[in-house]
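Novice: Supplied in structure tokens, the structure appears directly below.
All of the numbers you see were taken from the coordinates with simple rules; none came from a lab. The structure presented is a predicted model; accordingly, all values stated were derived computationally and were not measured. Here Cβ is always computed from backbone atoms with ideal geometry, including for glycine, and neighbour counts include all displayed protein chains.
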Amino acid sequence: MAQATTSVAGISFELNDEQRMLQQMARDFARNEVAPKAEHYDKLGEFPWEIWNKAREMGQHCLNIPEEYGGAGATTFEECIVAEEMAWGCSGISSAMGINNLAALPIILGGTEEQKKHWLGRLVDGELAAYCVTEPDAGSNVMGMRTRAEKKGDKYVINGTKTFISNATVANYYTVFAITDPEGGYKGMSVFAVDRDTPGVSVSKHFDKLGQRAADTAEISFEDVEVPAANLISEVEGSGWLIAMQVFDKSRPPVAAGALGVAQRALDESIKYAKERETFGKPIYKHQAVGFMIADMAINVEAARLLVWKAADMVDRGERNTKFSSMAKAFAADTAMKTTIDAVQVFGGYGYMKEYPVEKLMRDVKVFQIYEGTSQIQRTIIVRELFNE
């Protein structure tokens, strides 16, 4: 696989020693712990607690939390390295274990020192959190949000519903975006940390999904939920929109890396099968129709990896990466979808059977074109960025 870091002389396509060690650790974990149990958790649709606990022991449960708060202090680029390898094993399990990174981001980006120590410290200690933005009537249109947080004395009262929330039923607390000023436009949104056991918080039965079934997903309702004013992240009303946009810039590259991991797995499985399967007296990869299909898979997987790494490297350098994070997310998701569909085609009738791995890859990967902003929304963002430059 092509690898990319920056060298003094210019652009290098090799990981440094530390990054290679991180990649190998994640790769070994994915192949030895995740992949062998992927089918089990896919069938049952259960949260992978056994794998989660093993990941905790290795310190993989809080990758992006800064070291001063007890986390691994991983860069976005390093998150991408891990996300690709983990998703190779199972993107549902990878998503389940990666949601803490997402839920922590509003606190990392906007929290006070006291908030970071408290809320991030709980994740380091082994708790789970969930990120609550999407609503029944406000998915890609974040400004269509209806969840309301009203200030009453030294508390806020939250009312509203969040849906398609990953880790909703297993999380110990939520980072919740809500409107604090209905007339404030972009400055009317804020974000709060809300404990799961707060009166008025209720969680639905987890959704029965097409793919990524090991990743718990459900709806959360907030009915007159009272939270202390100290739970307002940054302790300043109106910072929610800016925080949400900063989160997207940092979260989309690792999500894209997850799609990339599935695409790489589909490519690997296709190569292995096309060597073994024979028709008309020769391995099927020697038939141009099949060989060219696999070649196109490889081309797009490598191109997606470079986009993902560029977007991650930019955010780590402190550069604005909005355009490239959307490019990476859209291209990696679309590439992964096509690669898994083509993998099923390479396998023929066997690809449609659950006994073979590629049908699960195809089911799992579809959601990458939907969550963290649909592929269509990514293109809208890219157009906006291109014409605002």
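Novice: Taking every pair of Cα atoms in the chain, average 1/r, invert it to obtain the Kirkwood radius, and report Rg/Rh to two decimals. Walk me through the intermediate numbers first.
Specialist: Details: Rg = 21.1 Å, Rh = 21.4 Å.
Rg/Rh: 0.98.
Novice: Can you compute the modelled spin-label distance between ASP296 and GLU150, with each label point 7 Å from Cα toward Cβ, in nm?
Specialist: Inter-label distance under the simple model: 5.7 nm.
Novice: Rounded to the nearest 0.05, what FRET efficiency do ASN159 and GLU18 give with R0 = 45 Å and r taken as the Cβ-Cβ distance? Could you check?
Specialist: Computed FRET efficiency for ASN159 and GLU18: 0.45.
Novice: By per-residue mean of other Cβ atoms within 10 Å, what is the highest-first order of 284-291, 358-365?
Specialist: 358-365, 284-291
Novice: Less than 12 Å Cβ to Cβ from SER221, Lys/Arg counted +1 and Asp/Glu -1: what total charge do the surrounding residues give?
Specialist: Net charge around SER221: -3.
Novice: Something else about it: So how do 272-283, 181-192, 148-159 stack up, highest first, on mean other-Cβ count within 10 Å?
Specialist: By packing density, highest mean first, the sequence is 181-192, 148-159, 272-283.
Novice: Which aspartates and glutamates have a Cα lying under 18 Å from the Cα of LYS117, excluding residues fewer than 8 positions away in the same chain?
Specialist: GLU67, GLU68, ASP125, GLU127, ASP195, GLU235
Novice: Something else now. Taking 0.36 nm per intervening residue step and subtracting the Cα-Cα distance, what contour gain separates HIS287 from VAL383 on full extension?
Specialist: Taking HIS287 through VAL383 to full extension adds about 30.6 nm, to one decimal.
Novice: Going out from 0 in 10 Å bins, what whole percent of all Cα-Cα distances in segment 242-388 drops into each bin?
Specialist: 13, 38, 27, 15, 6, 1, 0
Novice: Then there's this: Dipole magnitude of segment 129-240 about its Cα centre, charges +1 at Lys/Arg Cβ and -1 at Asp/Glu Cβ only, in debye to the nearest 20?
Specialist: On the way: 11 positive and 16 negative charges, 57 e Å.
Roughly 280 debye for segment 129-240.
Novice: Could you work out the helix-only [θ] at 222 nm for the chain, with each DSSP H run of four or more residues adding -39,500 (n - 2.57) and the total divided by the number of residues, to the nearest 500 deg cm²/dmol?
Specialist: -16000 deg cm²/dmol
Novice: Let me ask another. Can you give me the pair-distance distribution of segment 129-240, C-alpha pairs, 10 Å bins, whole percents?
Specialist: For segment 129-240, the binned pair fractions read 16, 49, 29, 7, 0 percent.
Novice: From the residues VAL365, LEU386, ALA256, which one has its Cα farthest along the dipole of segment 242-388 in the positive direction, the dipole being from +1 and -1 charges on Cβ of Lys/Arg and Asp/Glu about the Cα centre?
Specialist: Of VAL365, LEU386, ALA256, it is LEU386.
Novice: Looking at the calculated P(r) for segment 5-124, what percent of the C-alpha pair distances fall above 21 Å?
Specialist: 43
Novice: Give me the dipole magnitude in Debye, nearest 20, for the chain about the Cα centre, with unit charges on the beta carbon: positive for Lys and Arg, negative for Asp and Glu.
Specialist: Numbers: 42 positive and 54 negative charges, 218 e Å.
Here the chain has a charge dipole of around 1040 debye.
Novice: If amide H atoms are built 1.01 Å from N in the plane of the peptide, which residues on other chains or at least 5 residues away come under 5 Å of the amide H of LYS155?
Specialist: Distant-sequence amide H within range of LYS155: ALA229.
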